[in-house]
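A short write-up of the structure that comes next.
The values are calculated or read from the model by the stated rules, or taken from the named source; none is laboratory data. Everything numeric here is computed off the predicted structure, so don't read it as measured data. Methodologically, a virtual Cβ is constructed for each residue, glycine included, from the backbone with ideal geometry; neighbour enumeration extends over all protein chains shown.
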Amino acid sequence: MSRDRPRSFSDSALSRGRLPSIQPTSKRKLTLCVVGSGGVGKSSLTVRYLQGQFPEYYDPTVEESYITQIEYGFDQHDVEIIDTAGQEEFMLFRDSSLAKGDAFLAIFAINSPESWYDVQKLRRKIIQENDDDETIPIVIIANKSDLDPEESRQVKIDEVLEYCKRCNCPLLETSAKTGLNVTESFRLLLDRISELRPSKFKDSILALPDEHHLNDRNKCVVS
Ligand SMILES: Nc1nc2c(ncn2[C@@H]2O[C@H](COP(=O)(O)OP(=O)(O)OP(=O)(O)O)[C@@H](O)[C@H]2O)c(=O)[nH]1
Ligand SMILES: [Mg+2]
């Protein structure tokens, strides 16, 4: 009589003549937070980036989280994108994300001076939540650049440029509507993470288990 043993997934996979596939994993996900005041286009930019669509309607967000992979160079990075709330009544959700994020897209709309003012306040708050670390990766986004500049550009670009230079924050004009610079804004954020947080950046690379071990073993320790 054969001895009974629990039937495992690998047994059934082997009996069907194929081995279970080993999925690449990362040591740690990168958490990217999209922040800014209500209606500036945080959700639109995120959805445009992930799904290539532009929803015209406005549905205020409480909080949305997307797990995805971003290709950068020869690697795939394990990433969570948090689309945060901009409306006042959901601020508690938004604030809890400020300490969780590894990097931030801080968005204002070119037709809203209040939203530009909020980006400056938000930057201070992000730094505060991250132990006053001024090097936390932040990219500033001027969204809705498709709007008619004559009628709609109410934020003074010189002021924005001066601020970004002073704070060493890259600036990009985007349009979630036309898709202008949408992919580039997430790529620029990854550039900043690789520059300012190289070990976090490396830990988010998806690799097979052996590759992780190889990386650990190959580490050069200087004492
Ligand atoms: N013209 C134009 N409209 C935009 C653009 N991005 C967003 N919108 C519109 O602006 C409105 C608000 O967009 P959302 O993406 O929902 O704004 P949000 O920042 O996520 O807002 P909250 O979730 O409330 O914080 C919607 O009607 C969008 O269609 C853009 O680049 N150009
Ligand atoms: Mg939203």
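Here's a check for you: in the range 39-76, which residue that is of a type in the set (A, V, I, L, M) and surrounded by 14 or more Cβ atoms within 10 Å (Cβ to Cβ) is farthest from Arg28 (Cα to Cα)? Can you show your working first?
As a first pass, look at the range 39-76 and keep what is of a type in the set (A, V, I, L, M): 40, 45, 47, 50, 62, 67, 70.
The next check asks that each one be surrounded by 14 or more Cβ atoms within 10 Å (Cβ to Cβ); those that pass are 40, 45, 47, 50, 70.
Details: Val40: 30, Leu45: 25, Val47: 23, Leu50: 21, Ile70: 14 Å.
Per the stated criteria, the residue is Val40.
Residues in the range 119-142 that are within 20 Å of Ile81 (Cβ to Cβ) and outside any loop (DSSP other than H, G, I, E, B): Val119, Leu122, Arg123, Lys125, Ile126, Glu129, Ile138, Val139, Ile140, Ile141, Ala142. Scanning the range 51-67 for residues that are over 17 Å from Gln87 (Cα atoms) and not polar (S, T, N, Q), we see that the one that is nearest to ligand 2 (Cβ to nearest atom) is Pro55.
Looking for whichever is outside any loop (DSSP other than H, G, I, E, B), at pLDDT 95 or above, within 14 Å of ligand 1 (Cβ to nearest atom) and within 30 Å of Lys27 (Cα to Cα) here; the options are Ser194, Ser185. Which one fits? Lay out the reasoning, then the answer.
Values: Ser194 fails: within 14 Å of ligand 1 (Cβ to nearest atom).
Of Ser194, Ser185, the one residue that is outside any loop (DSSP other than H, G, I, E, B), at pLDDT 95 or above, within 14 Å of ligand 1 (Cβ to nearest atom) and within 30 Å of Lys27 (Cα to Cα) is Ser185.
For the residues Lys177, Lys219, the requirement of being in a loop (DSSP other than H, G, I, E, B), basic (Lys, Arg) and modelled with pLDDT under 70 singles out Lys219. Here is a check on your reading of the model: is Val155 surrounded by 12 or more Cβ atoms within 10 Å (Cβ to Cβ), modelled with pLDDT under 95 and of a type in the set (Val, Ile, Thr)? It is true that Val155 is surrounded by 12 or more Cβ atoms within 10 Å (Cβ to Cβ), modelled with pLDDT under 95 and of a type in the set (Val, Ile, Thr).
Checking the range 109-123 against the condition returns no match, with no residue being surrounded by fewer than 16 Cβ atoms within 10 Å (Cβ to Cβ), within 24 Å of Asp191 (Cβ to Cβ) and over 22 Å from the mean Cα position of the chain (by Cα).
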